[in-house]
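Below is one structure, written out as structure tokens, with a few remarks after it.
The values are calculated or read from the model by the stated rules, or taken from the named source; none is laboratory data. Note that the coordinates shown come from a computational prediction; the quantities given were computed from them, not determined experimentally. A quick note on method: Cβ atoms are made from the backbone with ideal geometry, for glycine too, and the neighbour counts reach across all protein chains shown. Protein only, heavy atoms only, side chains kept; ligands, DNA and RNA dropped before computing areas. Shrake-Rupley method; radii C 1.70, N 1.55, O 1.52, S 1.80 Å.
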Amino acid sequence: MSPFHGERRPSAGIHVYSETGKCFACEETFNLAKLIAHCMDFRTHNGGYNYHKANMWLEENFNIEYKPYELSRKLVRIDEDEVPVARHINPTTGRFELPKVFLAPFRGGKSTHEYFFSRGFTKETMEKFEVGWDRTRLRVTVPVYWEDGVPCGLIGRVVLPERINGKLSKKYKKTYPVGNETKYHIYENFPVGETLFPLQHFKPKDGLAIIVEGQYDCMWMHQLGFYFTLSSLGSKLAYYKSKKLAPQIEILKRHGVTKVLLLRDNDDAGRKGIEHDAKLLRAEGILPFVTNYPEGKNDPQELTKEEVDLMLDNMRPEGRKKLKRIH
């Protein structure tokens, strides 16, 4: 039951490890202190919740030691509440993890299906990748998982057309305020540079992996049957000066990947990404390969299975001149 909107039927879920909960009906998120503050009516002078009073009440009545949260001072905004980003770090693995209850409101939706159907995706693909819908912000959503099925994060993409007949859409401007919304939204500000998508479905082929830019490029490649494709969730692999081995490279090596086909978009950003990635991969003993797009094609989502097969047949080590043209 959820005490936040008077629901009497089972409607809220609680994740024991992260000590957080969410109501599936009103979408209210909470931790133990917020729940107690609401139920005990511990209020501040401006009408908000007094979390300090709630924590002190827990300590006095249930001997739960109250320790101010000091793991991270960095705050991110989610559902109009400010929460410490460090609460999502698993102390055992050191990785960023989300409770599965967080993904519950974003499962399925008619608008999501229409958006992807128009781009050639099948219902099976949308079910496989758990494509969802954020009805509040009007975004399609795709969850990101670690290899063991633990949620890593959630990425949303705007779907409303920015312009209609050449003019800025009023609905778009209201939903995605200019300067306050980008094409993609990283929920909970999870570190996209420390993972690859979709690890739970990735199957390297003879030590080979194909790396594309976006989630949808990757979903399309999987729909074509190329299950050894991963998305770097960006135009290039992430590099961390503070770490001896870049997390994304570490993941590739852990899966036994020895060579990578860099299938970036056929534009300036894609070419710069290839140069960056090739240098990073070579430094870690992974061979980078490139190939040529068929004439008139510039993005993985434009490709057919036959075209990808031909591109694989004609891939070459990065830096070597092309051997033959793909028609």
Residue separation between S118 and K183 times 0.36 nm, minus their alpha-carbon distance, gives in nm 21.6 nm
Would you mind getting the accessible area per residue of segment 115-194, heavy atoms of the protein chains only, 1.4 Å probe, in Å²? 53 Å²
Could you check the spin-label model distance between R254 and C26? Points 7 Å from the Cα along Cα→Cβ, value in nm. 3.9 nm
Run the numbers for N61 and L208: contour at 0.36 nm per residue of separation, minus the present Cα-Cα distance, in nm. 47.1 nm
Counting only protein heavy atoms and rolling a 1.4 Å probe, one gets per residue an accessible area for segment 233-282 in Å² of 55 Å²
Estimated FRET transfer efficiency (M40, I14; beta-carbon r; R0 30 Å; 0.05): 0.95
So if each residue of separation counts as 0.36 nm, and I subtract the Cα-Cα distance between T304 and E127, what length gain in nm does that give? 61.6 nm
For S118, S235, S169, give me the order by solvent-accessible area with a 1.4 Å probe, most accessible first, ignoring ligands, DNA and RNA. S118, S235, S169
For the full complex of protein chains and a 1.4 angstrom probe, list C26, C39 by accessible area with the highest value first. C39, C26
Given labels modelled 7 Å from the Cα in the Cβ direction, how far is it in nm from N90 to K241? 3.1 nm
For D265, what accessible area in Å² do you get when you roll a 1.4 Å probe over the heavy atoms of the protein chains, rounding to the nearest 10? 30 Å²
Using 7 Å Cα-to-Cβ label points, what is the T136/K167 separation (nm, one decimal)? 3.2 nm
Fraction of accessible area attributable to carbon and sulfur, segment 188-285 (%, probe 1.4 Å): 49 percent
Ignoring ligands, DNA and RNA, how do E250, E127 rank by accessible area with a 1.4 Å probe, largest first? E127, E250
